[in-house]
Amino acid sequence: MIRLFSGDGPRSTILALILIVIGLALAFAPFLFPGVRALETAARICIFVVLAASYDLLLGYTGIVSFAHTMFFGLGAYGVALASTHMGRGFTALGVGTLAGLAAAVALALVIGLFSLRVRAIFFAMITLAVASAVTVLASQLSAVTGGEDGLVYQIPRALGPAMRLDREIAGVTITGKILNYYVVFAISLVLFLLMLRIVNSPFGRVLQAIRENDFRAEAIGYRVVRYRVTATCLSAGFAALAGSLWAIWLRYVGPGTTLSFEIMLDILLMVVIGGMGTIWGAALGATLMVLAQSYLQNLMALAAGATEALPILSRLLDPDRWLLWLGVLFILSVYFFPTGIVGRLRARAAR
Amino acid sequence: MTAMLLETEDLTVRFGGHVAVDAVSCGFRAGELTAIVGPNGAGKTTYFNLISGQIAASAGRVRLAGRDITLLNVSERCRLGLGRAFQLTNLFPGLSVLENLRLVVQARRGRGFSLLRLAGSDREVTREAEELLARLRLEALAEQPVSELSHGNQRKLEVALLIALDPLVYMFDEPTAGMSLDEAPVVLDLIAGLKARTDRTILLVEHKMDVIRSLADRIIVLHNGALAADGPPEAVMASAVVQEAYMGRELEDV
C-alpha cells in the first residue's frame, strides 16, 4: 500500500519489519498496552513522528537548519488552547484554534523565510533562533493571554475526555473518551505522515533534494530556489503547527515547557539525526526510539540497578536518576555507528 | 543578416583594481558555433559568468534576443533561454543519473511545483530523460548515484544536463576536459548535432585546437580580459595576435 502511495518504500527488509511493528503497535496501542502511561507514550510517539518528519522536510530534504520548529509547534498548540479557553469547550473551538494556529505558523514562516532565505541559508538559522527565543519569552511573559509559565488548562469536548465511557468493551478494554481521543490523534498523525511522505516523493520534493545537493546548479537550470526554500519552510511550519494542535487536544494543557522549550527542539533534532536525515521513515523511527527511551529508560535502569545491586559501582551508575547520562551515551553511540542514521545504515545493508 | 541572439556591449567586470573582463562587445548569431580561446586567466570563464549571471557586471550590458538581461539573476536568465554547462562538474551528486536529467527536463517544462504527484509519474519527462541517456550511452547507469560515476561519465552528464535544458544559447566550458580519448567523441558528436538547430547559438570555451577546427564557425580570442581577435577560424589562427597571445605559447609548451 505504501509503495503504491508514495513509491518510496523502506527499501530494507529489516527496516520494513520494524516499521510494520511500530505501525501495528500504535494502531492497537490501547488494547495491546493497557494503562494510562502506555497510552500517553503512544500518543506522544504519534505526534512526535509528525513533528520530526516535518522537521526532516526542512533539514533533511531541503538542507535548511531551523531552530524555530518548536515555535511553530507551539503556535498550533496555543491556537487550540486559546480557542478552547475563550470559545468554551467544543469541536468548533478545536477547529478554529487549529486553523488559526496553522495560519499563524505559515504566515510567520513566510515572513521569516522571505526575509532571510534570500540571503543565505545560515542566516535563516540565526533568525529562527532569535524569533523562537522572542516568542518563548513572550509566551511566558504575557501571562494575561498565555497563562505565562503556568500555561493554560482548558476543557476539550466531553466525547474526547476520560470521563466519557461507552457501555461496551472491546477485547476486554472499556472504551473511554481518552481512547477515542487517542484514535483521533493516531488517525490524523497517520494522514499527515503519509501526506509528507507523498510530498517528499513528488516532483517538488525532488527539486528540494536538488537544492540541498547543489543550490548553485538548481538555480542555473532555472529553478527559483528562494521560492522553493520558502515554500518548504511554510509547509514544514504548517505540519509542525498541526502536530502542536494534536498535542494540545491530547494533553488538555499547553505551557512553554511542553511546546516551546529548547529541550524539545533538541529532541526533534536528535530524532531526525538518529533516524536518518533525508528520509521521512527515519524521522518515524527516530521519534519512536527517542520517546520510548525518554519514557522507559528510567524503568529499565531501575531494573538493571536492582539486578546489579551486589556490584557497588555498576549499580550506582545504573541508578534511574542517571538516565539522562545514558540517553546521552546512547545518542553518541548511535551517531558514531550510524552516521547516516539508522535508516541510512539499514538501506546500505540491504543494497549490498 | 540574421539578428544577434546574444550580445554583450562593453561588458566589464573589475575585482578591486584588476579588470578581469575589459569592455568586451561581441554579438552571437543564431546558427553559429563560436569558440572562445585565450590563455589561462584571459577571462574566458569570467566572461561566461557575466553572461549567465553568476557574477554581476561592473559596466556594460548583456542582451538576449534583443532583451536587456543585465540585471536579471541566474535563474531568470536561464528561463529566458540561456543555458550553461560548467568547467568543474556541477551536478546533484546524491541523486541518480536519471533523476539529474529529469530535474532539468522538469525545470524546463515548469513542472517543479507539483506537490502531490509522484516524481516518476510524469511519463513525458521520464521519456525525454531516458532518450538523452541513450544518446549518451549511459542507460546502464540510470539508477546510479552521480557521486559514484567516473569522471568521464560525470563530464558527459554535465553536457547532457545542458542539452536537456534545450536553451537558445548553449554555453559549454571545456566540455571534454579530463575525458579519455574514447569518451570525448560522444560529447563532441552531441555538440556537433546541436549545430543543426539553426535557431540556436553555441558558445564553446576550448583549448584543443583540433576540436575547434572541426566544430567552430568563428573564433574569438580573449587576452587579458579584452577581445583580441574575432573572425573565421583560419583567419584568426593565422593572425599575429593569436600567434603571440595564445598559439605560440601553447606550441612552445608542447
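The values are calculated or read from the model by the stated rules, or taken from the named source; none is laboratory data. Because the structure is a prediction, the values reported are computed rather than measured. As a convention, Cβ positions derive from the backbone with ideal geometry for all residues, glycine included, and neighbour counts pool all protein chains shown. For accessibility, only protein heavy atoms count, side chains too; no ligands or nucleic acids. Shrake-Rupley method; radii C 1.70, N 1.55, O 1.52, S 1.80 Å.
Summing Lys and Arg as +1 and Asp and Glu as -1 over all other residues whose Cβ lies under 15 Å from the Cβ of A:SER140 gives a net charge of -3. Computed in the context of the full set of protein chains, the accessible area of the stretch A:2-351 at 1.4 Å probe radius has 70% of its extent on carbon or sulfur.
Inter-chain neighbour count for B:115-124: the average number of beta-carbon atoms from partner chains within 10 Å of each residue's beta-carbon is 5. Projecting the Cα atoms of B:THR45, B:ALA216, B:THR126 onto the charge dipole of chain B (Cβ charges, centred on the Cα centre) puts B:THR126 farthest toward the positive pole. Accessible area per residue for the protein assembly as shown, computed on protein heavy atoms with a 1.4 Å probe, is 44 Å². Is chain B rounded, prolate or oblate when judged by the Cα gyration tensor, a ≥ b ≥ c being the square roots of its eigenvalues, rounded requiring a/c under 1.5 and prolate requiring a/b larger than b/c? Judged from the Cα gyration tensor, chain B comes out prolate (a/c at least 1.5, a/b above b/c). Shape of the stretch A:64-205 from the C-alpha gyration tensor: oblate (a/c of 1.5 or more and a/b not above b/c, with a ≥ b ≥ c the square roots of its eigenvalues).
Within a Cβ distance under 15 Å of B:LEU101, other residues only, what is the Lys/Arg minus Asp/Glu net charge? Taking every Cβ under 15 Å from that of B:LEU101, the sum is +1. The simple Förster model, with R0 at 56 Å and r as the Cβ-Cβ distance, assigns B:ASN40 and B:LEU116 a FRET efficiency of 0.65.
A compact globular protein would have a Cα radius of gyration near 2.2 N^0.38 Å; the ratio found for the stretch B:1-137 is 1.25. For a modelled paramagnetic label at A:ALA302, 7 Å from Cα along Cα-to-Cβ, the residues of the stretch A:321-347 in reach, with backbone nitrogen under 18 Å, are A:321-327. Between chain B and chain A, the total buried accessible area stands at approximately 2700 Å², from heavy atoms with a 1.4 Å probe. With R₀ fixed at 51 Å, the C-beta to C-beta distance from B:ARG63 to A:VAL335 puts the FRET efficiency at about 0.45. Within the protein assembly as shown, the proportion of Cα pairs with more than 37 Å between them is 46 percent. Annotation: for a label point projected 7 angstrom from Cα along Cα→Cβ of A:LEU114, residues of the stretch A:216-251 with backbone N closer than 20 Å are A:224-239. Kindly list the residues of the stretch A:272-292 that lie in the label zone of A:ALA125, defined by a backbone N under 19 Å from the point 7 Å along the Cα-to-C-beta vector. The answer is A:272-279, whose backbone nitrogens lie closer than 19 Å to the label point.
Answer rounded, prolate or oblate for the stretch A:2-351, using the Cα gyration tensor with square roots of eigenvalues a ≥ b ≥ c: rounded when a/c is under 1.5, else prolate when a/b is larger than b/c, else oblate. Rounded, because the longest to shortest axis ratio a/c is under 1.5.
Rounded to 0.05, the FRET efficiency of the B:GLU139 and B:ILE55 pair, given R0 = 41 Å and the Cβ-Cβ distance, is 0.65.
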